[in-house]
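The values are calculated or read from the model by the stated rules, or taken from the named source; none is laboratory data. In this text, all values refer to a predicted model and were calculated from it rather than measured experimentally. FYI the Cβ positions are ideal-geometry reconstructions off the backbone, even for glycines, and counts take in every protein chain you see.
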Amino acid sequence: ASSADLAVARKQVHVQSLIAAYRFLGNRWAELDPLKRAERPKIPELDPAFYDLTESDMDISFSAVNSYFGGETMSLRQIVQALRETYCGSIGSEFMHGSDPAEKRWWQERLEKSRGKPSFSADKKKHILDRLTAAEGLERYLHTKYVGQKRFSLEGGESFIAAMDELIQRAGERGVQEIVIGMAHRGRLNVLVNTLGKMPADLFAEF
């Protein structure tokens, strides 16, 4: 192989290292502040320059077969853009610490194919909003009505109710007939009402 071929092969290895870095560390650079006031931390491993990839490499095509961005080859510029959209957007995905390669590939495929932006229908979005509103409304009522009562609020984690709803619906579609929920105290009251169907009046009577 010529020295030029070796240089390209070496850069390809560096590109794979960059992709791996975003999968491992991209969540630390996610845009989680909707007001964009918080300064995001500097993470050198997410900078192509960390791998000796320069601006002159940005329009060179590299293999992207180990990703799910939709192309066997992509320019480095396209790869970096796809990585940032997927792993540094409004969702911080942390899954590479797992030990099961199949599970990690499952996450990679679903995140990278959608670039971290699930395409929900209007009806689906309304249903999710309904679940979030129900969860938030119950927490607000309990906080206002029962001041000083010890409870473990779900405040800040209302998306758990929407996630549980989706999980149960999907499980039912696949023939699951019984679900056993073992969970921490935080959010338990909300799950009882908004997931398991306990009457709010019955819950309030217990305070």
**OP:** Search the range 10-28 for residues that are over 20 Å from residue 94 (Cα atoms) and pair each with any residue that is part of a helix (DSSP H, G or I) and not hydrophobic (A, V, I, L, M, F, W, C) when their beta-carbon atoms are under 8 Å apart and the residues are at least 6 apart or on different chains.
**Re:** 11/57; 14/51; 15/51
**OP:** Answer yes or no as to whether residue 186 is among the basic types (Lys, Arg), within 23 Å of residue 127 (Cβ to Cβ) and either without any contact (Cβ under 8 Å) to a residue 60 or more places away in the chain or outside the structural domain of residue 130 (by TED's automatic domain parsing) (or both).
**Re:** no
**OP:** Please list, ordered by first then second residue, the pairs with beta carbon atoms under 6 Å, 6 or more apart or interchain, first in the range 63-74 and in contact (Cβ under 8 Å) with a residue 12 or more places away in the chain, second surrounded by 12 or more Cβ atoms within 10 Å (Cβ to Cβ) and basic (Lys, Arg).
**Re:** 68/113
**OP:** For residues that are in a loop (DSSP other than H, G, I, E, B) and surrounded by 15 or more Cβ atoms within 10 Å (Cβ to Cβ), tally how many sit in the range 61-70.
**Re:** 4
Subject >> Candidate set from the range 27-59 (those that are under 19 Å from the mean Cα position of the chain (by Cα) and of a type in the set (Asp, Glu)); member that is surrounded by the fewest Cβ atoms within 10 Å (Cβ to Cβ) >> reply: 33
Subject >> The lone exception for residue 74 - which of (1) touching a helix residue (DSSP H, G or I) at 6+ places or on another chain (Cβ under 9 Å); (2) exposed (fewer than 15 other Cβ atoms within 10 Å of the Cβ); (3) within 23 Å of residue 117 (Cα to Cα) it fails >> reply: (2)
Subject >> Search result, residues across the range 113-141 that are among the charged types (D, E, K, R), within 30 Å of residue 72 (Cα to Cα) and in a helix (DSSP H, G or I) >> reply: 113
Original post:
Looking at the range 83-93, which of the residues that are of a type in the set (Ser, Thr, Tyr) and modelled with pLDDT of 95 or more is surrounded by the most Cβ atoms within 10 Å (Cβ to Cβ)?
Top reply: 87
Subject >> Matching option when the condition is among the charged types (D, E, K, R), at pLDDT below 95 and in contact with a helix residue (DSSP H, G or I) (Cβ under 6 Å, 6 or more places away or on another chain), among 131, 110, 140, 115 >> reply: 115
**OP:** Could you tell me whether residue 99 is within 23 Å of residue 30 (Cα to Cα), among the hydroxyl-bearing types (Ser, Thr, Tyr) and either outside any loop (DSSP other than H, G, I, E, B) or not assigned by TED's automatic domain parsing to the domain that holds residue 193 (or both)?
**Re:** no
Original post:
Of (1) among the aromatic types (Phe, Trp, Tyr); (2) under 19 Å from residue 188 (Cα atoms); (3) assigned to a helix (DSSP H, G or I), residue 152 satisfies all except one. Which?
Top reply: (3)
Subject >> Unique match (being touching a residue at least 60 places away in the same chain (Cβ under 8 Å) and not assigned by TED's automatic domain parsing to the domain that holds residue 66) among 131, 151, 140 >> reply: 131
Subject >> Residue among 80, 15 that alone is in a helix (DSSP H, G or I), surrounded by 14 or more Cβ atoms within 10 Å (Cβ to Cβ) and touching a strand residue (DSSP E or B) at 6+ places or on another chain (Cβ under 9 Å) >> reply: 15
